[in-house]
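Scroll down for the structure; my scribbles are underneath it.
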Amino acid sequence: MTSSDTVIEFDQFRRMRQALSGMVKLAAPERSPYKTAEWYLPGFVGKARIATAFGELPIEALRPRDDLRTYSGAIVKVEMVDKIHLDEDFIRHHPRALPIRIPANSFGHGKPMNDLFVSPGQEICPDLHVASVFYKARDLPGNYTLDLSQSTGLTYYRFHCGQPAIVRVEGAWIRVQP
C-alpha cells in the first residue's frame, strides 16, 4: 500500500465519520446514463429462413416487394426491411437487448427447424399446429434464455408488410406488425 492509498482511505474514513455525525451529507452514488428498459423491437439474428412464395429464404436476403406466405394462405408483400446493428458497448449497457435462443424442435418436430435467435420483443406462437396465442420471446413459457455468445455485437433483421400478418420463420409462426 502506498502513502497516497493511505491518504485516500483516511479521507474516506473521515467523510464517513462526519456523515454519521451529521456534519456532512454524502452524495448519492452515480447512476448509469443508460436505462435498462426491456428491449421491445422485434427481429431475428442470423440466417433465419422465412417462408416466401418461392420457398424458404434467409432473412438477410429478404427485399421489398418479396411475397411472403401467411397463416391464412394469403400472400403479403414485404414493404421494408430493417437492419439494426448493436455494438459491444450498446449490449454491455443494455443486456436485455441480447437475443433469445429457441432450440430446434422446442415447440414440436420441426418447430423451429433450426435454432432460432430472436429479439426479446419478437412475438412468436409456441403452438405446434394453430397460430392462436402469441408471446413476446422474453415471456415464452419454458426455459429460454438470453444468448450470451452474441455479447460482442449482433445485427437484428426485421421486416414490415404494411399490415398485420402471421408468417412462418423456421417452421414457427410469428406475428409481424405494420
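Give the Rg/Rh ratio for the range 92-178, taking Rg as the radius of gyration of the Cα atoms and Rh as the Kirkwood radius, to two decimals.
Result: Rg/Rh = 0.96.
Roughly how many nanometres apart are two label points built 7 Å out from the Cα toward the Cβ at residue 65 and residue 84?
Result for the modelled spin labels: 2.7 nm.
Work out from phi, with θ = phi - 60° and the Karplus expression 6.51 cos²θ - 1.76 cosθ + 1.60, the ³J(HN,Hα) of each residue of the range 44-59, listed in order in whole Hz, and give x for Gly and Pro.
With coefficients 6.51, -1.76 and 1.60, one gets 9, 10, x, 9, 4, 9, 10, 6, 10, 5, 10, x, 6, 9, x, 4 Hz.
Any chance you could list P(r) for the range 71-125, counting all Cα-Cα pairs in 5 angstrom bins from zero, rounded to whole %?
4, 14, 16, 19, 20, 17, 7, 3, 1
Report ³J(HN,Hα) in whole Hz for each residue of the range 109-116, in order, from the Karplus equation J = 6.51 cos²θ - 1.76 cosθ + 1.60 where θ = phi - 60°; Gly and Pro get x.
Going residue by residue, I get 4, x, 10, x, 5, 10, 4, 10 Hz, with x marking Gly and Pro.
Expressed in nm to one decimal, what extension gain is obtained for the pair residue 54 and residue 40 from 0.36 nm per residue of sequence separation less their Cα-Cα distance?
My answer for the length gained is 2.0 nm.
Every number here is computed from the coordinates shown, using simple stated rules; none is lab data. Note that the structure is a prediction, hence the values are computed from the model and not measured. As a convention, Cβ positions derive from the backbone with ideal geometry for all residues, glycine included, and neighbour counts pool all protein chains shown.
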